[in-house]
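A.B. asks: One structure coming up, written as structure tokens, with questions to follow.
The values are calculated or read from the model by the stated rules, or taken from the named source; none is laboratory data. Just so we're clear, the structure is a prediction, and the values are computed from it rather than from any experiment. Cβ coordinates were reconstructed from backbone atoms using ideal geometry, including for glycine residues, and neighbour counts include every protein chain displayed. Note: accessible area is taken over every heavy atom of the protein model, side chains too, but ligands, DNA and RNA are not part of it. Shrake-Rupley method; radii C 1.70, N 1.55, O 1.52, S 1.80 Å.
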Amino acid sequence: MNVEEFIKALNELNIFLDDNKLSNLNTYKEYLKEYNSHTNLTTITEDEDIYLKHFYDSLTIVKAIDLNEVSSLIDVGTGAGFPGMVLKIVFPHLNVTLIDSNNKKTTFLSNLKDKLKLDNLTIVNERSEDYAHKHIDEYDVVTSRAVANLRVLTELCLPMVKVGGKFIPL
């Protein structure tokens, strides 16, 4: 999926990117490839694959929930920031927490946060099960992508969902 196909596919999901959001996604893509050249973050490094398998896939969460009506979101086991960082870029009003126990990944995300000058974005280097015990009923949306089987994810994530909130595994 090239950038034009990406934009068209997002429009079909009623997501419309302004120049700033598109620029931030491009910066993300380029920094991901640069950082990945010396620190393994992902095996998906071709531009077209990044747009499809990282960016577009992250944004398909809008099929399950209107993120314009959400205030807080946590991405459990975020890795290189999928889906949480992508959601923060495209929906900048969100208060997003990205959590991962891998220091090299949270260091990458902290550097990217600084590059993009993003506010209301918390990056946590901690095991999810430890963090969850301290943040019960805190988030409108809890999401996770490719971290563990659904039974394990449910145990980790559901305690952090506010009453009336959503747990959406991708």
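A.B. asks: Among (1) part of a helix (DSSP H, G or I); (2) at pLDDT 95 or above; (3) in contact with a strand residue (DSSP E or B) (Cβ under 6 Å, 6 or more places away or on another chain), which single condition is residue 141 missing?
C.D. replies: The failed condition is (1).
A.B. asks: Looking at the structure I just gave you, is residue 114 free of Cβ contacts under 8 Å to residues at least 60 places away in the same chain, open to solvent by 70 Å² or more (accessible area, probe 1.4 Å) and either outside any helix (DSSP H, G or I) or closer than 25 Å to residue 34 by Cβ (or both)?
C.D. replies: Yes: the conditions hold for residue 114.
A.B. asks: Since residue 137 meets every condition but one in (1) surrounded by 14 or more Cβ atoms within 10 Å (Cβ to Cβ); (2) among the charged types (D, E, K, R); (3) free of Cβ contacts under 8 Å to residues at least 40 places away in the same chain; (4) in contact with a Lys or Arg (Cβ under 8 Å, 6 or more places away or on another chain), which condition does it not meet?
C.D. replies: Single failed check for residue 137: (1).
A.B. asks: Any idea which of (1) open to solvent by 60 Å² or more (accessible area, probe 1.4 Å); (2) in contact with a helix residue (DSSP H, G or I) (Cβ under 9 Å, 6 or more places away or on another chain) is the one residue 2 doesn't satisfy?
C.D. replies: That leaves (1) as the condition not met.
A.B. asks: Let me ask something else. Which condition number in (1) within 15 Å of residue 92 (Cβ to Cβ); (2) buried (at least 17 other Cβ atoms within 10 Å of the Cβ) is the one that residue 32 fails?
C.D. replies: (1)
A.B. asks: Same structure again: Between a residue in region 152-170 that is of a type outside the set (Ser, Thr, Tyr) and any residue that is open to solvent by 80 Å² or more (accessible area, probe 1.4 Å) and part of a helix (DSSP H, G or I), which pairs come within a Cβ distance under 9 Å, given they are 6 or more apart or on different chains?
C.D. replies: 159/133; 167/158; 169/150
A.B. asks: Is it the case, given these coordinates, that residue 105 is under 13 Å from the mean Cα position of the chain (by Cα), outside any loop (DSSP other than H, G, I, E, B) and of a type in the set (Lys, Arg)?
C.D. replies: It is true that residue 105 is under 13 Å from the mean Cα position of the chain (by Cα), outside any loop (DSSP other than H, G, I, E, B) and of a type in the set (Lys, Arg).
A.B. asks: Among the residues that make up region 44-64, is at least one of them in contact (Cβ under 8 Å) with a residue 60 or more places away in the chain, assigned to a loop (DSSP other than H, G, I, E, B), surrounded by 22 or more Cβ atoms within 10 Å (Cβ to Cβ) and of a type in the set (Gly, Ala, Ser)?
C.D. replies: Within region 44-64, none of the residues are in contact (Cβ under 8 Å) with a residue 60 or more places away in the chain, assigned to a loop (DSSP other than H, G, I, E, B), surrounded by 22 or more Cβ atoms within 10 Å (Cβ to Cβ) and of a type in the set (Gly, Ala, Ser).
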